[in-house]
Amino acid sequence: MIFCMCRLKENMPTESIDSRRLYRQIADQISHEIESGVYKPGDRLPAERTLAEQLSVSRPTVREALIALEVEGRVEIRGGAGVFVVEPALNSIANSSGIPIPGPFDVLSARDLIESEVAALAARNASDAQVTAMSQALGDMVCCLASDPKHVEYDRRFHFALAEASGNSALAMASQLMWSLREQPLYLQLEVHFHTEAIWQRLIIEHREILAAVKSRDAKAARAAMHRHMKIARKRFVSSWQEAPAAQ
């Protein structure tokens, strides 16, 4: 079967598109193709690269759209095989507020802007007790396996302690908001496809570098360490799905 996204591409709006919501528009259009019978349960969608080229959008945008559809129970992402249409789930997740939820890449970009400065401020302002709180959170991360659901809680504690140590309550609140977005189903489902023990150990090293800079009272190094942490996270999320060749 030859997959053709021509109609989907023709349906793309010609007016200016808010790039922060682009992934949602792509997801809605693919969903429309599924509902109209262009793609049926069991069909494999075109490869991510093919979709990106046909829709003239980036691969991260396509990836966010596919993850959104997986969260909603419209598709199943099978590592090394591709993305397959599934029967609609009875309990599929919907956003009833009508407000588009920021995609994971928007969240990472915002966190990079906010938390890099938070880390720099923490290096200048952290009390001994706050440094201890960060150290304890990192210690729990070290003792935790990637497969343990508590790894998210320990990661959160580290970032919250860092935000509190910044001495700026507004930035601390902004950091907490960013983390709440990081725990949305769309972000968590994307993470599922890339979270391994090796990645978790690398993430621990990145947190250790942030903490070391804070302990050294080196604001520049702390900012750079946090920026590197966010950059690596984004790079990980855009790494290859190892998709199988498109079905013909």
Listing 178, 173 from the residue with the fewest other Cβ atoms within 10 Å to the one with the most, what is the order? 173, 178
Sorted by average packing, counted as other Cβ atoms within 10 angstrom per residue and highest first, what order do 42-50, 113-121 take? 113-121, 42-50
Summing +1 for each Lys or Arg and -1 for each Asp or Glu, what net charge is found among the other residues whose Cβ lies under 12 Å from the Cβ of residue 218? +4
Here the gain from full extension of residue 140 to residue 76, 0.36 nm per residue of separation minus their alpha-carbon distance, amounts to 19.7 nm
Compute the relative contact order of segment 104-237 as a whole-number percentage, counting only Cα pairs closer than 8 Å that sit 6 or more residues apart in sequence. 42 percent
List 155, 128 from most exposed to least, where exposure is judged by having the fewest other Cβ atoms within 10 Å. 128, 155
Could you give the length gained on full extension between residue 152 and residue 21, defined as 0.36 nm per residue of separation minus the Cα-Cα distance, in nm? 44.5 nm
For residue 194 and residue 86, FRET efficiency with R0 = 22 Å and r from the beta-carbon atoms, rounded to 0.05? 0.55
Run the reach check for residue 220 against aspartates and glutamates, Cα to Cα strictly under 20 Å, same-chain hits fewer than 8 apart removed. What comes back? 112, 115, 117, 128, 164, 206, 209
Which FRET efficiency value, to the nearest 0.05, is calculated for residue 216 and residue 32 with the Förster distance at 45 angstrom and r the Cβ-Cβ distance? 0.25
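Only the coordinates and a few stated rules stand behind these numbers; no lab work does. Nothing here was measured: the structure is a model prediction, and the numbers come from that model. Cβ: placed from backbone, ideal geometry, glycine included. Neighbour counts: every protein chain shown.
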